[in-house]
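Working notes for the structure below.
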Amino acid sequence: MIPTEDASARKREIEDKLKQEQETLSFIRESLEKSDQLTKGMVSILSSFESRLMQLENSIIPVHKQTENLQRLQENVDKTLSCLDHVISYYHVAKDTDKIIREGPAGRLDEYLACIAKIQKAVEYFQDNNPDSPELNTVKARFEKGKELLEAEFRSLLMRYSKPVPPILILDTIGGDEDMEVQEDVTLEHLPEAVLQDIICISAWLVEYGRNQGAHTQTLLISCRPLFQPQYNMPKDGTVHELTSNAILFLQQLLDFQETAGAMLASQESSSSASSYSSEFSRRLLSTYIYKVLGNLQLNLSNKAKVYEDPALRAVFLHNNYNYILKSLEKSELIQLVAVTHKKVEGSYRELIEQEIQNYQRRYKKHPSIPAWNFEQLKDKERQIIKDKFKGFNDGLEELCKIQQGWAVPDKEQRDAIRQAQKRVVSEAYRAFLQRCANISFTKNPEKYHRYSLEQVEEMIDKLFDTSA
């Protein structure tokens, strides 16, 4: 049995622990009650806050929408005011530009042309929106006055700075021969660069608005001078030279002013017939002028081609340029105009093109051949000759393809024709050579020398003038 004292002590211990647990439980219960109260208070605060936010939102949204509408109205007002200012400015154009127009374009061409542009826009506005307004007549009159002063300035610049040049000196100049000796008493003076630019600018403006075609024609004739000055930037691939394209462009532009250009040439004639020249007479003079330009261009190209050390590249260069000239003449009315006085011009260019193709092929007409030896008893020297023939052909073919892949023949029809002609010449000679050597034992390693078949040779020639091959 447990002693009575121990039992009492054990009981007291248990009662103390029970009391502590009850106190702890009471503390927890009180804490939960407080937490519950705090939670209810927080929920109440959040609910109140949410309610106030909704009220605020309901108040702000209409204000925001009204603000957006006001901003949109403000933008519309600003746009309207800007449009009104733009429209009102047209009514002030005549007054704003009066001083500059009256003073003329001398010394202030850019500013003057800017004023003319404003007047032109005003004319267009009144024509589209208020054709019956008196302002339209005012700006029209101001625009016409501006044109007249521009024409007067153009004539003044030409008379002040240009001097008549004899036609023969012009033709000699565009010939581009550096060694040419010009008569001492005749000097070709260029217009000052600033004056030339003003003349070109005024001329372009007048032509755009349908006035004074003669002005633009004279500008073209002046601008053509630098086209034929010596140039050394030769194309490495033998393509069309910049000189050729510029000269053809000049002649094509001249077509738009045939009557004016012909009349100018006729006015420089000293013969009695020039005083009463007809349109046909002017046309024949212009035809002769263009033919001489083409002739001097041909001479200039021929001189430039001498820069190329390779005769084949020289031929390709001349072929490309002659072909470009002929195609350009055929695409425009130039061929008919030149034919007025030189009916065989087309045939002449075709002969030149064919001649350059032959010059190109002549460079590669040396092909392998062997004498009529006794092939059953070849000597070592004869065997070596055959080996050298094969090696020479192989090396020549590889060099030909390597170099000429970088050359250019822009015209596809001409490019294909040159390739076919080259294949025909090379293939026939190579085929005959292979047939002669077919049964000859000249080496223990025939594949070393017979490197290309006939088909492979033709495929290689098909890659000429093709940088992508």
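Here are a few things to note about the model shown:
- Ranking K147, K331 by solvent-accessible area of protein heavy atoms (1.4 Å probe, all protein chains present), from largest to smallest, gives K331, K147.
- Order of exposure, largest accessible area first, which applies to T67, T244 with probe 1.4 Å: T67, T244
- Accessible area per residue was computed with a 1.4 Å probe on protein heavy atoms; V43 scores about 80 Å².
- Rounded to whole numbers, the Karplus 3J(HN,Hα) couplings from phi for the range 410-423 are x, 6, 4, 4, 5, 4, 5, 5, 5, 4, 5, 5, 5, 5 Hz, using 6.51 cos²θ - 1.76 cosθ + 1.60 with θ = phi - 60°, and x at Gly and Pro.
- Bins of 10 Å from zero: percent of alpha-carbon pairs in the range 242-364: 13, 39, 28, 14, 5, 1
- Solvent exposure, largest accessible area first (probe 1.4 Å, DNA, RNA and ligands not counted), of T341, T39: T39, T341
- Protection proxy ranking of 426-435, 56-65, by the mean of other Cβ atoms within 10 Å over each peptide's residues and highest first, is 426-435, 56-65.
- Calculated over the range 380-463, the projected area of the Cα convex hull averaged across directions stands at 5.7 nm².
- For S156, solvent-accessible area (1.4 Å; no DNA, RNA or ligand), Å²: 40 Å²
- Residue-level accessible surface for M54, protein heavy atoms, 1.4 Å, Å²: 110 Å²
- P(r) for the range 48-140, from all Cα pairs and a bin width of 5 Å, is 3, 11, 14, 12, 10, 8, 7, 6, 5, 5, 5, 4, 4, 3, 2, 1, 0 %, short bins first.
- In sequence order, the range 112-120 has phi-based couplings of 5, 5, 5, 5, 4, 4, 4, 5, 4 Hz under the Karplus curve 6.51 cos²θ - 1.76 cosθ + 1.60, θ = phi - 60°, and Gly or Pro positions carry x.
- Residue-normalised accessible area of the range 380-463, expressed per residue, 1.4 Å probe, Å²: 59 Å²
- For the range 242-364, the relative contact order works out to 29 percent when only alpha carbon pairs closer than 8 Å and six or more residues apart are counted.
- 24 Å Cα-Cα threshold exceeded, pairs from K343/K423; K331/K402; K391/K463: K343/K423; K331/K402
- What the phi angles of the range 286-301 give under the Karplus curve with 6.51, -1.76 and 1.60, with θ = phi - 60°, is a coupling list of 5, 4, 5, 4, 5, 4, 5, 4, 5, x, 5, 5, 4, 5, 4, 5 Hz, glycine and proline written as x.
The values are calculated or read from the model by the stated rules, or taken from the named source; none is laboratory data. What you see is a predicted model, and the numbers here were worked out from it, not measured in a lab. Cβ coordinates were reconstructed from backbone atoms using ideal geometry, including for glycine residues, and neighbour counts include every protein chain displayed. Side chains included, ligands, DNA and RNA excluded: accessible areas come from the protein's heavy atoms. Shrake-Rupley method; radii C 1.70, N 1.55, O 1.52, S 1.80 Å.
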